[in-house]
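Worksheet for the structure shown next.
Just so you know, all these numbers are worked out from the coordinates, no wet-lab data involved. Since the structure is predicted, the reported quantities are computational estimates derived from the model, not experimental observations. Virtual Cβ from ideal backbone geometry, glycine too; neighbours counted across all protein chains shown.
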Amino acid sequence: MPLLTAFVCAWLILSQLIKSLTSLTDLSSKQQGKIDETSRQLKESFAKLAVVERLEAINAESGRIMLDLHDGIGGQLVNTLAYIENNNIQDDVLQNSLEDALRDLALMLDSLQNDDSLTTLLGMLRTRLEGLLAKHGIIFDWQIHDEPHLPQPSPSGSLHVARIVQEAITNVIKHADATTITVFADQHKIAVSDDGQGFEVRTDENQTGIGYGILGMKRRAAAIGAGLQIVSTASGTSVTLQMAEES
């Protein structure tokens, strides 16, 4: 009888020990799961923090670059223009070149500052060019219906878009003998068209006679994953930047 009692007690103690060990294992497994999850969350938080810090550093550097360009090159161009005007120097070529350089600088600064909105950037481009168009007697027909969708927005991507539009408008001013320039935009495309005399469109980059301006527009469009179509007839020309749809 004492032996049986001892055996039962030992079995009870062993059962309780096994239960305790099982509970301890389960608890340890749960704790390890919590530790793993906490570690994962910490890693994600550190990664997000690193991205935020990097973006802040990029924004700070962009601001410094914009300030340097504005106060440095921009200031020198403005001072040179003022010198020409104050001294009554009649040199239209020089004055036009300085004004073009100022507009070009303004376009770069605008693209750095407004890379999140192409409609804002296009509006600023319109403001920069209205005086030039008025000087040549050309009407601006502005038809911005929606925000164009750039698949991967960035200052460089916005600058590519602005350069294409600027080049298309500049070509009209220089060559088309047009009375109206229409700028159209919606989510999927931006188009610049005119009612000028048109020209022969050459699409082969290796073909003699194709202008560097057209080559530049095509390469800029390719850089942002967009398509560029140029159609020209005797009654006008249209340059269309077709935004690529996300897959």
Rounded to the nearest Å, what's the spacing between the alpha carbon centres of segment 102-167 and segment 210-239? Just the number, please. 16
Can you figure out the FRET efficiency of residue 200 with residue 48, using R₀ = 51 Å and their beta-carbon distance, to the nearest 0.05? 0.40
So, by mean Cβ neighbours within 10 angstrom, what's the order for 142-149, 182-189 with the highest one leading? 182-189, 142-149
Surrounding net charge for residue 160, when Lys and Arg each add one and Asp and Glu each subtract one, Cβ distance under 10 Å: +3
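For segment 113-177, what is the per residue volume of the convex hull drawn over the alpha-carbon atoms, in cubic angstrom?
So the per-residue Cα hull volume is 84 Å³.
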Env charge @ residue 171, Cβ radius under 13 Å, K,R +1 / D,E -1, value -1
Percentage, to the nearest whole number, of Cα pairs in segment 138-247 over 23 Å apart: 25
